[in-house]
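Notes follow the structure.
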Amino acid sequence: MSARTEVLPADDPAAIARAAAVIRAGGLVAFPTETVYGLGADALDPAAVRKIFAAKGRPADNPLIVHVAAASEARRLAKAVPPAAERLMSLWPGPLTLVLPRAEAVPDVTTAGQATVAVRVPAHPAALALLRACGRPLAAPSANRSGRPSPTTAEHVRADLDGVVAVILDGGPCEVGLESTVVDVTGRRPLVLRAGGLSVERLRAAVGEVDVLSGQEPEAMSRSPGLRHRHYAPRARVLLVAPGQADALGGPAAAVMSQRPRPPGFVGRWREMPARLEDYAHELFAALRELDAPEVTTIVVETVPEVGLGRAIADRLRRAAQG
Ligand code: TXA
Ligand code: MG
């Protein structure tokens, strides 16, 4: 643990060099990706990876995503690359994580003892610059305390991990705002374990048939260990209601998230969310943190249609409500 957290501009080569030195010395760096901020450490150094679990308060049975700068490096972390994986790799860099059979070089602590490893190439210049500068694959979960909404700004990271992470690279707000789509490619057909920033529609356009776990079934729990745990939850209770149903539930201790403008005469907090689901995703986690004020006991959220990114948004909202 470091006593002080340095927040450095992500587009400054000197900051990248400093962050890379921290990684090579076995330390922790929070960095921006196109999805959410990651909390990175050398994926091949078990002691460094253990620091990630300690910093987040993350259960040891929840495996990490390993970030690399190019598909060629991902292949080296895998024991085999099935044909469907090859095709999906053409969507990199981007918000897509592939679960592959793991190579020996990847330590147990990184994969939580799984026979598979999750890998992705992030589409963010600072993430790629850091990966190239340190020359190591980076294990990086979202840079929040375990259970909290994922951070989409450097300020969110600091709110959760100040004094615990050595360096935060500040790259401004993340473009996508939702974590990557996690696809298991070890079976007969690609299987989506976690909906995310790359829609199922786009996956199907790239590889044809794709199976999707809703995230609620027992199989999802065993295939995607992260689903067992509490997630995305603000301190306030989150209550999901159908569109149009929030008006009656406002009040001094409530906050509403809705794609409709504030109704005339409505008293209380009302956060109007964008109509376009890409824009909604971009603002989702920031809105949950913003509405989670001390005087708010309930955040009332109107659900969104489950098409395109709406599938991932609805998934995160359900998990926040289960918090
Ligand atoms: O967009 C993202 O994916 C971000 C950025 C930083 O890249 N990272 C992220 O990491 O969201 P995290 O740790 O919050 O979520 C990782 C998810 C968990 O649901 C975990 O269970 C799953 O990926 N996962 C990791 N390794 C796996 C494996 N070998 N098999 C199945 N699921 C795995
Ligand atoms: Mg996370």
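Mind listing whichever residues of the stretch 138-160 are outside any loop (DSSP other than H, G, I, E, B) and within 13 Å of ligand 1 (Cβ to nearest atom)?
Scanning the stretch 138-160 gives LEU138, ALA139, SER142, HIS156, VAL157, ASP160.
Among the residues of the stretch 155-162, is there at least one that is surrounded by 18 or more Cβ atoms within 10 Å (Cβ to Cβ) and without any contact (Cβ under 8 Å) to a residue 24 or more places away in the chain?
For the stretch 155-162, residues surrounded by 18 or more Cβ atoms within 10 Å (Cβ to Cβ) and without any contact (Cβ under 8 Å) to a residue 24 or more places away in the chain: present.
Taking the stated definitions as given, is GLY147 away from ligand 2 (no atom under 16 Å from the Cβ) and either in contact with a Ser or Thr (Cβ under 6 Å, 6 or more places away or on another chain) or of a type in the set (Gly, Ala, Ser) (or both)?
Judged against the criteria, GLY147 is not a match.
Consider the stretch 120-137. How many of its residues are in contact with a helix residue (DSSP H, G or I) (Cβ under 9 Å, 6 or more places away or on another chain) and more than 9 Å from ligand 1 (Cβ to nearest atom)?
Residues flagged as in contact with a helix residue (DSSP H, G or I) (Cβ under 9 Å, 6 or more places away or on another chain) and more than 9 Å from ligand 1 (Cβ to nearest atom) within the stretch 120-137 amount to 11.
Any idea which of LEU130, LEU91 is open to solvent by less than 10 Å² (accessible area, probe 1.4 Å) and either in a strand (DSSP E or B) or over 24 Å from ALA287 (Cβ atoms) (or both)?
LEU130
Given the criterion assigned to a helix (DSSP H, G or I), open to solvent by 30 Å² or more (accessible area, probe 1.4 Å), out of contact with any Ser or Thr (no Cβ under 6 Å at 6 or more places or on another chain) and more than 10 Å from ligand 1 (Cβ to nearest atom), identify the matching residue among ALA47, ALA80, ALA60, ALA85.
Matching residue, one of ALA47, ALA80, ALA60, ALA85: ALA47.
Could you list, in sequence order, the residues of the stretch 11-30 that are small (Gly, Ala, Ser), more than 25 Å from ALA112 (Cα to Cα) and open to solvent by 10 Å² or more (accessible area, probe 1.4 Å)?
ALA14, ALA17, ALA21, listed by residue number.
What strands (runs of 3 or more DSSP E) lie completely within the stretch 207-323 and have 1 or more residues being open to solvent by 70 Å² or more (accessible area, probe 1.4 Å)?
Values: elements: 237-241, 254-258, 269-272, 298-302.
Where strands (runs of 3 or more DSSP E) fall fully within the stretch 207-323 and carry at least 1 residues being open to solvent by 70 Å² or more (accessible area, probe 1.4 Å), they are 237-241, 269-272.
Would you check if there is a residue in the stretch 102-110 being over 28 Å from PRO190 (Cα atoms) and either open to solvent by 40 Å² or more (accessible area, probe 1.4 Å) or modelled with pLDDT under 95 (or both)?
Checked against the condition, which is being over 28 Å from PRO190 (Cα atoms) and either open to solvent by 40 Å² or more (accessible area, probe 1.4 Å) or modelled with pLDDT under 95 (or both), the stretch 102-110 yields no hits at all.
Among the residues of the stretch 68-77, which ones are surrounded by 17 or more Cβ atoms within 10 Å (Cβ to Cβ) and not charged (D, E, K, R)?
Matches in the stretch 68-77: VAL68, ALA69, ALA71, ALA74, LEU77.
Among THR33, THR116, which is crowded, with 22+ Cβ neighbours inside 10 Å, among the polar types (S, T, N, Q), closer than 24 Å to LEU203 by Cβ and within 15 Å of ligand 1 (Cβ to nearest atom)? First the steps, then the outcome.
Values: THR116 fails: crowded, with 22+ Cβ neighbours inside 10 Å.
After ruling out the rest, the residue left standing is THR33.
Just name the residue that is most open to solvent (accessible area, probe 1.4 Å) out of those in the stretch 186-206 that are within 11 Å of ligand 1 (Cβ to nearest atom) and more than 24 Å from TYR280 (Cα to Cα).
For the stretch 186-206, the residue satisfying everything is THR186.
Give me a count of the residues in the stretch 300-323 that are charged (D, E, K, R) and free of Cβ contacts under 8 Å to residues at least 60 places away in the same chain. Spell out the reasoning first.
Applying the first criterion (charged (D, E, K, R)) to the stretch 300-323 yields 302, 306, 311, 315-316, 318-319.
Applying the additional criterion that residues be free of Cβ contacts under 8 Å to residues at least 60 places away in the same chain yields 306.
Adding up the residues that qualify gives 1.
Which one of THR110, THR97 is part of a strand (DSSP E or B), hydroxyl-bearing (Ser, Thr, Tyr) and within 16 Å of ligand 2 (Cβ to nearest atom)? Steps first, answer last, please.
Values: THR110 fails: part of a strand (DSSP E or B).
Result: THR97 is the single residue among THR110, THR97 that is part of a strand (DSSP E or B), hydroxyl-bearing (Ser, Thr, Tyr) and within 16 Å of ligand 2 (Cβ to nearest atom).
Just to check your reading of the model, which residue among VAL164, VAL212 is among the aliphatic types (A, V, I, L, M) and in contact with a strand residue (DSSP E or B) (Cβ under 7 Å, 6 or more places away or on another chain)?
None of the other options fit; the residue is VAL212.
The values are calculated or read from the model by the stated rules, or taken from the named source; none is laboratory data. Because the structure is a prediction, the values reported are computed rather than measured. No Cβ is skipped: glycine too gets one built from the backbone with ideal geometry, and neighbour counts run over all protein chains shown. Accessible surface areas use protein heavy atoms only, side chains included; no ligands, DNA or RNA. Shrake-Rupley method; radii C 1.70, N 1.55, O 1.52, S 1.80 Å.
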